[in-house]
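The values are calculated or read from the model by the stated rules, or taken from the named source; none is laboratory data. Here the structure is a predicted model, which is why all the values come from computation and not from measurement. Cβ placement follows ideal geometry from the backbone for every residue including glycine, while neighbour counts extend to all protein chains displayed. Heads up: the accessible areas ignore ligands, DNA and RNA and are worked out on the full protein's heavy atoms, side chains in. Shrake-Rupley method; radii C 1.70, N 1.55, O 1.52, S 1.80 Å.
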Amino acid sequence: MVGDVPVGGGAPITIQSMTITKTADHEATLQQIYGLAAAGCDIVRCTCNEPEAAEGLARIVPRSPVPIIADIHHQYRRALEALEAGVHGLRLNPGNIRKPEHIKTVAREAKDRGIPIRIGVNGGSLDPALYDKYGGKVTPEAMVESALQEIAYFEEVDFDLIKISVKASSVPLMIEAYRQLSEVTDHPLHLGVTEAGPPPTGTLKATAGIATLLAEGIGDTIRYSLTADPVEEAKAGRQLLEAMGLRERKNVDLIACPSCGRAEVDVYTVAQDAMTAFGEREIPLQVAVMGCVVNGPGEARDADLGIAAGNKRGHLFVKGQNVMVVPEDEMVDTLVEWAEFIHEHGADAALEKAKATKDAARKAAQEDRDRNLGERGEDANESEAVIAEIRRSEG
Ligand code: SF4
């Protein structure tokens, strides 16, 4: 447990992030923590790099909506002060707190208070002795050995409230390090690609590493380390876990067709406008934006709600059933309005509400479908010509 949040042992995967304010500035830090919690962050880490930061933690912890972990580098005394401040967890970097007696002192104090510690091995700050031992480079084996050394110190004082991370900025390196670590320990693992950089590349790198491991059943808690507002880290973490079905959906899952020769609207713009309109509204529904009424309602029949374009109008459908027709420039507003209604009252109530408009909507959709097929034919994407070319080159 990190405060009241379970980590490991089959608990839902949790999302972490880190404040970038000075921890001594407790009001600014709390403001950032509230922003992170609102974005779906379960646990927040704050640096504890100076005595004033520990004092800041004493003010932050009682007012924080989520558990707080103190990040400790170099000075083991900061760990003791953070424990005194009431933090719910510590993160120690074995690469820069190396004296066994210091590590054990912190572990003893954490044990007395029942506070967990993350062993945060970082490829960029590996213990120089291990770096030398593994041929002057950071290897997965060296990172795992660093973690195991630290565990051994903790075991000497009978402390086992441990989480471990073996982060690196190289995705293949961190994936291999976590795979090896998962073979030798049952402690919960905290996943991350360190210094991933600014979005979108940083987000992509972090996703590649974290998602690969989660898909293999490795990992219990995650952090995106982005060069961006920490709220972006929390959002990315939540989106990944929702996309992988590892956390309950909080926001809209917007799906959209890729558009093709049959599209009757600029799907990219409508989808983007819909994303903006749904924004931070917590509506956990799947909503579809489809470029044509010929295939849209069928392709997105599993969505809770969707809209398909046809002849300058939008055909709204609920669970694949046409419910009403709106002018093209009202497509996005209508989607949001109906999504809110379904979220509050359910899809059956929405179908009931559409009782008076359903028949006309179905008829209008059929008209636009026929018109589209009439104008563009059965083969709007000219696939047959391409297939004929393939067959010619095969022959
Ligand atoms: S057929 Fe219609 S719904 Fe499917 S990709 Fe093309 S425009 Fe979109």
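Once neighbouring chains are kept in place and the probe is 1.4 Å, which whole percent of the accessible area of the range 20-163 is contributed by carbon and sulfur? Numbers along the way, then the final one.
Details: 2880 of 6050 Å².
Whole-percent figure for carbon plus sulfur exposure: 48.
Might you tell me the accessible area per residue for the range 40-112, computed with a 1.4 Å probe and given in Å²?
Values: 2840 Å² over 73 residues.
Each residue of the range 40-112 exposes 39 Å² on average to a 1.4 Å probe.
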Less than 26 Å apart at the alpha-carbon level, and either on another chain or at least 8 residues along: which lysines does that give for Lys163? Lys22, Lys99, Lys104, Lys111, Lys133, Lys137, Lys205, Lys235
In sequence order, calculated HN-Hα J values of the range 53-59 (Karplus, 6.51, -1.76, 1.60; Hz; x Gly/Pro): 5, 4, 5, x, 4, 4, 8
If you roll a 1.4 angstrom probe over the protein chains with everything in place, what fraction of the accessible area of the range 279-381 belongs to carbon and sulfur, to the nearest %? 43 percent
Spacing of the two label points (7 Å from each Cα toward its C-beta) at Ala349 and Arg392, in nm: 5.9 nm
Cα gyration tensor shape for the range 275-337, rounded if a/c is under 1.5, else prolate or oblate: oblate
Give me the percent relative contact order of the chain, please, defined on Cα pairs under 8 angstrom at least 6 residues apart. 11 percent
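How high is the relative contact order of the range 322-395, given as a whole-number percent (alpha carbon pairs under 8 Å, six or more residues apart)? Before the final figure, lay out the partial values.
Numbers: 24 pairs, mean separation 30.0, N = 74.
Relative CO of the range 322-395 lands at 41 percent.
Which FRET efficiency, nearest 0.05, do Asp4 and Glu27 yield, Cβ-Cβ r, R0 22 Å? Please list the in-between numbers first.
Numbers: r = 24 Å, r/R0 = 1.08.
Taking R0 as 22 Å, the efficiency between Asp4 and Glu27 is 0.40.
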Helix 267-278 versus the longest principal axis of the chain: what is the Cα-based angle in degrees, 0 to 90, to the nearest 10? 60 degrees
So how tilted is helix 140-156 from the main axis of the chain? Cα-based, degrees 0 to 90, rounded to 10. 50 degrees
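When every alpha-carbon pair in the chain is counted, what percent end up more than 36 Å apart? Provide the component values of the computation, followed by the final result.
Details: 31127 of 77815 pairs.
Beyond 36 Å sits 40 percent of the P(r) for the chain.
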For the range 239-365, rounded, prolate or oblate, judged on the Cα gyration tensor with a ≥ b ≥ c (square roots of eigenvalues), a/c < 1.5 rounded, else prolate if a/b > b/c? oblate
For Lys133, put the label point 7 Å out on the Cα→Cβ axis and report which residues of the range 147-165 keep their amide N under 18 Å from it. 147-156, 165
Pull up all non-local amide H partners of Arg118: gap of 5 or more, or a different chain, and H-to-H distance under 5 Å with H placed in the peptide plane. Leu90, Arg91, Leu92, Lys163
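Does the range 1-122 classify as rounded, prolate or oblate by the C-alpha gyration tensor (a ≥ b ≥ c root eigenvalues; a/c under 1.5 gives rounded; else a/b over b/c gives prolate, otherwise oblate)? Working shown, then result.
Numbers: a/c = 1.72, a/b = 1.22, b/c = 1.41.
Here the range 1-122 falls in the oblate category.
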Per-pair calculated FRET efficiency, R0 = 51 Å: Thr276 and Asp186 via Cβ, rounded to 0.05: 0.70
One finds, for Lys111 and Glu337 with R0 = 51 angstrom and r their Cβ-Cβ distance, a FRET efficiency to the nearest 0.05 of 0.40
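For n ≥ 4 DSSP H runs only, could you compute -39500 (n - 2.57) per run for the chain, divide by its residues and tell me the 222 nm figure to the nearest 500?
Numbers: 15 runs with 185 residues, N = 395.
Computed ellipticity for the chain at 222 nm equals -14500 deg cm²/dmol.
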Helix 355-376 against the longest principal axis of the chain: what's the angle in degrees, Cα atoms only, rounded to the nearest 10? 80 degrees
State the extension gain, in nm to one decimal, for the chain segment bounded by Lys104 and Glu384, taking 0.36 nm per residue of separation less the distance between their alpha-carbons. 93.6 nm
Give me the lysines in straight-line cross-link reach of Lys312: C-alpha distance below 29 Å, same-chain residues under 8 apart excluded. Lys353, Lys355, Lys358, Lys363
